[in-house]
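Below you'll find the structure, written out as structure tokens, and then a few comments.
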Amino acid sequence: MSEHEDAAGSAGPGKLAGLFREYGHRWEIEHLDPGSAWVAVTRNGSFVQVIAAHDLDELRAELKKAEAEDP
């Protein structure tokens, strides 16, 4: 995955690196195709949680919400 994405991905090296620092220990983060969705996946036993977002800002917000809901 490239650290530099086009405007549709709204990614820069700093935003992507920040997500990996903050959530990479628990979530697998991937950009499916340039200009398409960002996806984060986490697994806890047989429970799999998937979050999709149009850009990194939206993905960060959804990850933050998911982490807050996790008991």
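Things worth noting here:
- Within region 33-54, considering residues that are surrounded by 12 or more Cβ atoms within 10 Å (Cβ to Cβ) and among the hydroxyl-bearing types (Ser, Thr, Tyr), the one farthest from Glu22 (Cα to Cα): Ser36
- If the condition is being outside any loop (DSSP other than H, G, I, E, B), at pLDDT below 95 and more than 15 Å from Glu62 (Cα to Cα), then region 1-30 contributes Pro13, Gly14, Ala17.
The values are calculated or read from the model by the stated rules, or taken from the named source; none is laboratory data. Being a predicted model, the structure only gives us computed values, none of them experimental. No Cβ is skipped: glycine too gets one built from the backbone with ideal geometry, and neighbour counts run over all protein chains shown.
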